[in-house]
1. For a quick check: with amide H placed at 1.01 Å from N, whose amide H comes under 5 Å from S135's, ignoring anything fewer than 5 positions away on the same chain?
2. Report for region 1-130 the percent antiparallel among DSSP-assigned beta bridges with both residues inside it, nearest 5.
3. How big is Rg to Rh over the chain, alpha-carbon atoms, Rh as the Kirkwood inverse-mean-distance radius?
4. In terms of Cα to Cα distance under 12 Å, which aspartates and glutamates are near enough to K187, apart from those fewer than 8 places away along the same chain?
5. What's the ranking of 184-192, 97-105, 125-133 by average number of surrounding C-beta atoms within 10 Å, highest first?
6. Could you work out how much longer the chain between R214 and V91 gets when fully extended? Use 0.36 nm per residue separation minus the Cα distance between them, nm to one decimal.
7. Which lysines have a Cα less than 19 Å from the Cα of K199, not counting those fewer than 8 places away in the same chain?
8. With θ taken as phi - 60° and the coefficients 6.51, -1.76 and 1.60, list the Karplus ³J(HN,Hα) couplings across region 28-42 in order, rounded to whole Hz; mark glycine and proline as x.
Amino acid sequence: MTSSPDADATPAGPLSGVVVADFTRVLAGPLATMTLADLGARVIKVERPERGDDTREWGLPYSATGSTYFESVNRNKESACLNLADPADIVRATTLIARSDVVVENFKPGMMASIGLDYETVSKANPRLIYASISGFGFGFGFGFGFGFGFGFGFGFGQALLGYDFIMHALGGLMSITGPVDGDAQKVGVVLVDVLVAKDTIACISAALFARERTGAGSLLELNLLSSLQGVLANQG
């Protein structure tokens, strides 16, 4: 049987032609950008020289080519080694962003601004840019408690705090509805909150790309682990 030259070619994904500058590491961000790559986007992952993403060193287990943790959330990507403490590499990173449709980053809040790669700075040269920032707590977070007889107190902590999955299980209320009734509450076995914020990031970027087709304008997307967890508590929340 004969076939045309393109008969066996893999169909282009729905995000074919979209370029993503990936400044993420560990799990939440890399999972989001890997899914964008699976959908056809060209994802260029920025990594530290020599060491790369933290998870390249995380094992066991290891495959024949490296850490299975790293490989599970970084397939279908290209890698660019840039030292973000080197001014020359900052210029290279700026050039990459200027040529990209999407930036995704999950550094500690304020880090990208400190090196001139924040949305306010880079969008001036690329106003169509969609810029997604993932943090633990967003731009502000607080608790308040009240008791009878007019007594109450509150406390808050700012966006600079690092967010970790297991902290969110406790702080976000998930652990209060897991585990034995008469025993200690239990953390969910999956690194659930990182996965949730990754899925939210994909949805927001997809919507922003759709909106850009109509308006021509990019956008800043700010996501955080705590909000993604609280969003799925639904009626339990």
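1. L223, N224, L225
2. Around 5 percent of the beta bridges assigned by DSSP in region 1-130 are antiparallel ones.
3. Rounded to two decimals, Rg over Rh is 1.03.
4. Hits, sequence-local ones excluded: D165.
5. Top to bottom by mean Cβ count within 10 Å: 97-105, 125-133, 184-192.
6. Length gained between R214 and V91: 41.2 nm.
7. The qualifying lysines are K45, K77.
8. Rounded to whole hertz, the list is 4, x, x, 5, 5, 6, 5, 5, 4, 5, 4, 7, x, 6, 8.
Read-outs throughout are calculated quantities, based only on the coordinates presented, and are distinct from any laboratory measurement. Source: prediction; values computed, not measured. Ideal geometry is used to build each Cβ from the backbone, glycine not excepted, and the neighbour counts take in all protein chains shown.
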